[in-house]
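Notes to accompany the following structure.
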Amino acid sequence: MSAAPSRRRVSVFGATGSIGSNTIDLLERQGGAETYEVVALSGAGNVALLAEQAIKLRARIAVTALPECYAPLKELLAGSGVEVAAGAQALLDAAAEPVDWTMSGIVGVAGLAPTLVSAGHGGVLALANKESLVAAGDLLLERCQVYGTKLLPTDSEHSAIFQSLQGQDLAEVERIILTASGGPFRTWSREEMARVTPQLARAHPNWNMGERISIDSSTMFNKALELIEAKHLFGVSADRIEVIIHPQSIVHAIVGFFDGAMLAHMGPPDMRGAIGFALNWPKRRDLPVARLDLAALGRLDFEAPDLARFPALAIAQGVLEDGGLSGAVFNAAKEQALDLFLAGKIGFLAMADLVEVTMERLAGHSKYGHTSYVLDDVTEIDAETRRFARQLSGQ
Ligand code: NAD
Ligand code: MG
């Protein structure tokens, strides 16, 4: 008698979020528990959705990052056979369970520690949590290398670059161009932008995403993070990575080669394209994304970014040049500024000002430019950055 074929073991961190829900959708469409052995799913406050996902996919473990959510999650999963856990250590323990494929879809630097643990399995690490690369790119890449883990970018632009580089020689790449929609305030004056509220900033014109990345797109801090992400992923120097505004979000990235040729990646603005690519890599499978009708689209526009209205891009240039833990400082300052904006403590334009001044101050930190560091160093400089930014804003 032959043994049943073994199912691919997968875990999804941040399963209840925008990236996570899209990942769960694809897992289900590709056979769910018949095809995959779902090891761990994680969420935070949305325990009802987490429990529903865990039951549907017959997950072994459901973990909420919030200790106070243990009891409600336990109740929802009573009798289901799903193991329930809560808190930061439980998240790390779940990440330590061996798997063949992981989605890193937690938002913010909170995703770094579990991502580092997941990088220890070999197999595939699908990385949506760009903050891990921005804050600790050297550490994460080293860990992937040591454990033979394949890091697959699951940000649309970086997946597009990765796909455009298939069969190409990185040494022949002249430039990498990330596209950016320009967000909801692309054509607004600085005076108009000064009055932007969190509610306005949440409404992305093309993509349906979590709240924080949507607001980061409206300031272009998201694209700033992506420049640093691209540097780590593809090992290109600061002067070879560019940003171009492309309001339709159809071309996701362009790779330019030494002979002047450029390969562009096109697709609908649907994250299931990039997630599905990472899930099925190295093969391609039919995905439930819309097919582009170029004649109906009619035109694709491109324009240069305006650094005066979107200073995040200029600040990121400094981080690309400084390297090391400057990325951790940048990300922490940005996350703190966003928290203050969401709490109504600072205005929309003040976010970039706060990040800029915080970066200048932290540049004097003894570990700022270090490229060889451990997680504790990242945590320390992250906390110090947030403290300084709060102090500076009078909070
Ligand atoms: P989201 O807010 O929709 O979901 C975040 C997930 O993380 C949820 O499952 C939430 O429960 C969990 N979470 C939140 N705080 C946590 C904490 N402190 N500890 C543990 N878990 C926590 O976010 P999202 O839009 O899905 O983004 C997730 C990541 O993917 C981000 O790094 C984002 O930049 C990146 N990304 C998202 C998109 C997108 O289309 N949404 C595109 C590209 C990249
Ligand atoms: Mg992106």
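One line per residue, one yes/no per condition, for (1) without any contact (Cβ under 8 Å) to a residue 40 or more places away in the chain; (2) under 15 Å from Ala135 (Cα atoms):
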{"site": "Leu325", "(1), (2)": "no, yes"}
{"site": "Met351", "(1), (2)": "no, no"}
{"site": "Arg361", "(1), (2)": "yes, no"}
{"site": "Thr385", "(1), (2)": "no, yes"}
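A residue that is under 29 Å from Asp239 (Cβ atoms), outside any helix (DSSP H, G or I), small (Gly, Ala, Ser) and modelled with pLDDT of 95 or more occurs somewhere in segment 345-363. In this entry, Phe258 passes the filter for residues that are over 27 Å from Gln145 (Cα atoms), touching a helix residue (DSSP H, G or I) at 6+ places or on another chain (Cβ under 6 Å) and not small (Gly, Ala, Ser). Got at least one residue in segment 122-129 being more than 14 Å from ligand 2 (Cβ to nearest atom), farther than 22 Å from Gly43 by Cα and in contact (Cβ under 8 Å) with a residue 24 or more places away in the chain? Yes, because at least one residue in segment 122-129 is more than 14 Å from ligand 2 (Cβ to nearest atom), farther than 22 Å from Gly43 by Cα and in contact (Cβ under 8 Å) with a residue 24 or more places away in the chain. A single member of Ser249, Ser214 is of a type in the set (Ser, Thr, Tyr), touching a Lys or Arg at 6+ places or on another chain (Cβ under 6 Å), within 15 Å of ligand 2 (Cβ to nearest atom) and modelled with pLDDT of 95 or more, and it is Ser214.
Residues that are within 15 Å of ligand 2 (Cβ to nearest atom) and part of a loop (DSSP other than H, G, I, E, B) were ranked within segment 143-174; the one that is farthest from Asn208 (Cα to Cα) is Thr154. Looking at Phe185, is it within 14 Å of ligand 1 (Cβ to nearest atom), surrounded by 17 or more Cβ atoms within 10 Å (Cβ to Cβ), at pLDDT 95 or above and at negative phi? So Phe185 does not fit the description; no. Take the conditions (1) within 16 Å of ligand 1 (Cβ to nearest atom); (2) more than 29 Å from Ile346 (Cα to Cα); (3) in a helix (DSSP H, G or I); (4) in contact with a strand residue (DSSP E or B) (Cβ under 9 Å, 6 or more places away or on another chain); His232 misses just one of them, which is (4). The set of residues from segment 335-383 being among the acidic types (Asp, Glu) and over 23 Å from the mean Cα position of the chain (by Cα) comprises Asp353, Glu360. Screening Leu50, Leu57, Leu26 for residues that are of a type outside the set (Val, Ile, Thr) and closer than 15 Å to Val99 by Cβ leaves exactly one candidate, Leu57.
Please enumerate the residues belonging to segment 200-209 that are more than 10 Å from ligand 1 (Cβ to nearest atom), in contact with a helix residue (DSSP H, G or I) (Cβ under 7 Å, 6 or more places away or on another chain) and touching a residue at least 60 places away in the same chain (Cβ under 8 Å). Result: Ala201, single match. Checking the structure you have, find out if any residue of segment 71-83 is crowded, with 22+ Cβ neighbours inside 10 Å, more than 16 Å from ligand 2 (Cβ to nearest atom) and more than 19 Å from Gly276 (Cβ to Cβ). Within segment 71-83 (the criterion being crowded, with 22+ Cβ neighbours inside 10 Å, more than 16 Å from ligand 2 (Cβ to nearest atom) and more than 19 Å from Gly276 (Cβ to Cβ)), the answer is yes, since at least one residue qualifies. The single condition among (1) assigned to a loop (DSSP other than H, G, I, E, B); (2) more than 15 Å from Ile245 (Cβ to Cβ) that Pro184 does not meet is (2).
Would you confirm whether or not segment 282-289 contains a residue that is buried (at least 17 other Cβ atoms within 10 Å of the Cβ), in contact (Cβ under 8 Å) with a residue 24 or more places away in the chain and outside any loop (DSSP other than H, G, I, E, B)? No, segment 282-289 contains no residue that is buried (at least 17 other Cβ atoms within 10 Å of the Cβ), in contact (Cβ under 8 Å) with a residue 24 or more places away in the chain and outside any loop (DSSP other than H, G, I, E, B).
The residues of segment 89-104 that are under 12 Å from the mean Cα position of the chain (by Cα) and either farther than 22 Å from Lys231 by Cβ or more than 16 Å from ligand 2 (Cβ to nearest atom) (or both) amount to a single one, Met103. Give me the pairs, please: first residue somewhere in segment 60-83 and touching a residue at least 12 places away in the same chain (Cβ under 8 Å), second residue anywhere and surrounded by fewer than 19 Cβ atoms within 10 Å (Cβ to Cβ) and in a helix (DSSP H, G or I), beta-carbon distance under 6 Å, and either six or more positions apart or on two chains. Here the result reads Ser80/Ile55, each pair linking segment 60-83 to a residue that is surrounded by fewer than 19 Cβ atoms within 10 Å (Cβ to Cβ) and in a helix (DSSP H, G or I). The set of residues in segment 320-332 that are among the hydrophobic types (A, V, I, L, M, F, W, C) and either touching a Phe, Trp or Tyr at 6+ places or on another chain (Cβ under 8 Å) or at pLDDT below 95 (or both) comprises Leu325, Val329. Of the residues in segment 238-245, none is within 15 Å of ligand 2 (Cβ to nearest atom) and assigned to a helix (DSSP H, G or I). Taking the listed residues Arg212, Arg195, Arg240, Arg190, the one that is within 14 Å of ligand 1 (Cβ to nearest atom) and either crowded, with 17+ Cβ neighbours inside 10 Å or touching a residue at least 40 places away in the same chain (Cβ under 8 Å) (or both) is Arg212, with no other qualifying.
The values are calculated or read from the model by the stated rules, or taken from the named source; none is laboratory data. Just so we're clear, the structure is a prediction, and the values are computed from it rather than from any experiment. Ideal geometry is used to build each Cβ from the backbone, glycine not excepted, and the neighbour counts take in all protein chains shown.
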